[in-house]
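The values are calculated or read from the model by the stated rules, or taken from the named source; none is laboratory data. Not measured: the values here are computed from a predicted model. Here Cβ is always computed from backbone atoms with ideal geometry, including for glycine, and neighbour counts include all displayed protein chains.
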Amino acid sequence: MDDKRILEMRGIDKVFPGVRALQGVDFSLNEGEIHALMGENGAGKSTLIKVLTGVYVRDGGTISLKDHGEVQIHSPQDAQKLGISTVYQEITLCPNLTVAENMFIGRGAGTLTNWKKMNEDADRILSSLDIPAKATQQLASCSIAVQQMVAIARAVDMECKVLILDEPTSSLDEQEVEKLFGLMRDLKSRGVGIIFVTHFLDQVYEVCDKITVLRDGQLVGEYEIKDLPRVQLVAKMLGKEMDDLSDIKGEQGTYHGADANEQIFEAEGLQSDAGIAPFDFHIKKGEVNGFTGLLGSGRSECVRAIFGADRVLKGSVKMKGKSIKITKPLDAMKNGIAYLPEDRKDDGIIGDLSVRDNIILALQVLTGFFKPFSKAQANAFAAEYIDKLNIKTASADTPVKSLSGGNQQKVILARWLLMHPEYLILDEPTRGIDVGTKVDIQKLVLELASEGMSVTFISSETDEMLRTCSRLVVMRDRKVVGELSGDDLTQNKIMSTIAGGEQ
Amino acid sequence: MSKKKSGGLGKLKGFVGNQLFIPFIAIVILAVVNLVHDPAFFKVVLGLNNAGYPVLSGSLITILDYGSELAILAIGMTLVTAASGGQDISVGATIAIAGSAMLRVLCGGNTRPDTIQAPIIVAFIVACIVGMLCGMFNGMLVAYFKIQPMIATLILFTAGRSIAAWINNNELPIVPDPKFAYFGGFIPGMPVPTTVFIAAACIIVIALVLKFTNLGLYTQAVGINGSSSRLNGINPTFIKFLSFVILGLCVAVAALIKVSRLSTINYSVIAKDIEMDAILAVALGGNALSGGKFNMWASILGAYIIQFLTTTLYKFNVKSDALAAYKAVVVIILVVFSAPVVRDYISRMAKRFAPAAKKEAA
């Protein structure tokens, strides 16, 4: 092994019942290197990480570390002792403890804790890494980005040599991502090897040195970042030359029915208890529009108010010109409104239930408590949508939590499509999802619209919204500050509207 | 050939992972122990009882008979556990309340009435209402005030038996009508204990409810992810509340059996510690006590296994006051074996042997 190499994985195999998750995958990491691990959902990125961190026991292959030679990693504790630390997409710290407690929890040398020393140590580490948090602050009071950084600080303090960041940026806004990158570069200069898993191509090209691409559990290759232009990276991930991303909008996005000008949904002065200013909103049949704005600008809160997910305080709502009242999600569903929530794990999937039950849930609730679908009917529904949306699952009986993120999202999408809504709200449907599935979802949205469904689409990636929406509602500080359509739909115009419209 | 073998192993592994594995193994072990100890355990005899009617007797009949209340309670407890992620520890005390209310209606406030003062069905309906009111009280605290189930039900657990005594002015009325004793004993001419029919009826009812309504799906969805359920149009608060009300109904049926067995009541002893057995039945069935997915049949099976165990221990001449300690040992073993950690370990061990077998075959 050469001097700078700190991690070397050779021929890693991992088999799950019915699936070969990894087949002879090689991966290596040098000191002071940020190495992107890329692949579509289900390509084996998470599995590889979990093998490395001892969550899964590998079925074949070797792992060697600098200074340790070949190692056996049977548990996350083993990995930690060997200097391999992981920061996951979802914060795995305890929000009800203080920052310092979170940094030192589970690492006590003895039974007694020297609180003063612990807090001092924590503060020292935090300030050395420029993390804007205080040791005695409760973790929940920090922003998600800072919580993420605390998790990293914890990892760094444990003398980690290999730091794994598993989609750390998916819930951060741009400034927060920038801060995180600063921290990563800082660690890099200290000789830490970082494995970076992300779906954002921009981010890969901004911070990474090398890219390893996986596809269907196999290694596609390892590349220097300068040798691999974006288009090629995407092509390698998908295993084919991809249709031009920007070209998917065309005729299929427009609805030509006679009732194309009919207002499907109108809201006036709508306000919920989630702290947004009252807003007006409307959508026509077959229209795709969106809410845009920075994270926390209130775009999710707006659609939640429409769906009745938060308590509606005031405002009037019309569906196809008829006044209706929506006080709870069921009211909205009865009126043909469907809502795919932002937080897939907490608000979307019912993890332990099967893929089938997750798919039929909304329609089942709508059909009524006393009219359960027969088993055959439920299976037929599930099979139809597993096929239609190309959901990768071992069977309809598989618990949905064991699917990859993108496939979970498709299951929730299937749930709402099965309801055949007139108005579909998608809140961040593409977050944490691979490029291929992203394109699938965007195409699907345009296809649905061309069939006459009205869709509201929210995404943190503005180019994605520009590609799908014909009208954008711009939000800032929990207020609607503008509306863009037609020729105004450009990246610059959105930015300036968000910023205040002066530039 | 190797294919065949691994297929068999796969099936075996599937069964080890199955929820019914632990209850099934428990039954086999209990059966074997009894068979070795005294094969007469399994003898069922048709004899005459005191009243001169033919009745079935034997240990198996005892298990089915005395396991009835527990099986009925397990139904409600399973739903409460699944929906709320907690347990109701007040069922013993609420059985006392519902039973006491039933006696009050039957005896009309007299301690030794000559005839019953109201039809039995009226008394039973009153008991059902009282049981459901108790359930509503618990359910309200849990679902609407978001109090932890065990804390919420601690109130009735503590106060229940006093309330029961107060309903009958701390008297112990005796029901004069022999017909009332049928529910906890035998209907003349019918050799099978009535309790078996009552339990069967309850099981059939819940089977129908689970088949013809979405109670199962809703309860599981709420237990697994309340927030998601709400966004899918389910009302998680109501489902939790409902589960406690259903348990209240189960309590009333159990109270009917319990009071009928004696034709009277002993406030401090009736259905003592039955809540623990009911919770255990749910756990034995492999259902997570933290809620979510459930298997109703496994819980009911669990209830009969607990009664099987109790009866077995009596056969081994374990004194009734020492019973709990013996039970605890067995329970620890069962619960440890049903823990996911241990099961994972077992299936990993099984896996370690599987490749070896494959290699040999190759």
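Checking the structure you have, find out if any residue of the range A:280-294 is within 26 Å of B:Asn235 (Cα to Cα) and touching a residue at least 60 places away in the same chain (Cβ under 8 Å).
Taking every residue of the range A:280-294 in turn, none turns out to be within 26 Å of B:Asn235 (Cα to Cα) and touching a residue at least 60 places away in the same chain (Cβ under 8 Å).
Would you mention how many residues in the range A:312-336 are touching a residue at least 24 places away in the same chain (Cβ under 8 Å), more than 12 Å from every other protein chain (Cβ to nearest Cβ) and outside any strand (DSSP E or B)?
3
Applying the selection to the range B:153-201, what residues are under 22 Å from the mean Cα position of the chain (by Cα) and among the β-branched types (Val, Ile, Thr)?
B:Thr153, B:Ile155, B:Thr158, B:Val192, B:Thr194, B:Thr195, B:Val196, B:Ile198
Does the range A:193-201 contain at least one residue that is closer than 15 Å to A:Val87 by Cα, within 21 Å of the chain's Cα centre (by Cα) and in a loop (DSSP other than H, G, I, E, B)?
yes
Give the residues of the range B:296-324 that are among the hydroxyl-bearing types (Ser, Thr, Tyr) and either in contact with a helix residue (DSSP H, G or I) (Cβ under 7 Å, 6 or more places away or on another chain) or in contact (Cβ under 8 Å) with a residue 40 or more places away in the chain (or both), sorted by residue number.
Scanning the range B:296-324 gives B:Ser299, B:Tyr304, B:Thr310, B:Thr311, B:Thr312.
With B:Lys240, B:Lys258, B:Lys293 as the choices, which residue is closer than 30 Å to A:Pro399 by Cβ, in contact (Cβ under 8 Å) with a residue 40 or more places away in the chain, part of a helix (DSSP H, G or I) and charged (D, E, K, R)?
B:Lys240
Answer yes if at least one residue in the range B:267-274 is within 30 Å of B:Ile29 (Cβ to Cβ), surrounded by fewer than 22 Cβ atoms within 10 Å (Cβ to Cβ) and within 14 Å of chain A (Cβ to nearest Cβ), and no otherwise.
Checked against the condition, which is being within 30 Å of B:Ile29 (Cβ to Cβ), surrounded by fewer than 22 Cβ atoms within 10 Å (Cβ to Cβ) and within 14 Å of chain A (Cβ to nearest Cβ), the range B:267-274 yields no hits at all.
Answer yes or no: is there a residue in the range A:225-233 that is over 24 Å from A:Asp26 (Cα atoms) and part of a loop (DSSP other than H, G, I, E, B).
The answer is no, given that none of the residues of the range A:225-233 is over 24 Å from A:Asp26 (Cα atoms) and part of a loop (DSSP other than H, G, I, E, B).
Could you check the range B:205-240 and list, in sequence order, the residues that are crowded, with 21+ Cβ neighbours inside 10 Å, more than 9 Å from chain A (Cβ to nearest Cβ) and under 20 Å from the mean Cα position of the chain (by Cα)?
B:Ile206, B:Thr219, B:Lys240
Restricting the range A:337-382 to residues that are assigned to a helix (DSSP H, G or I) and among the polar types (S, T, N, Q), which is nearest to the other protein chains (Cβ to nearest Cβ)?
Ranking the candidates gives A:Gln364 first.
When only residues in the range A:450-490 that are among the acidic types (Asp, Glu) and assigned to a loop (DSSP other than H, G, I, E, B) count, which is surrounded by the most Cβ atoms within 10 Å (Cβ to Cβ)?
Among them, the one singled out is A:Glu461.
Within the bounds of the range A:71-94, is there any residue that is at pLDDT 85 or above, at negative phi, assigned to a strand (DSSP E or B) and more than 28 Å from the chain's Cα centre (by Cα)?
yes
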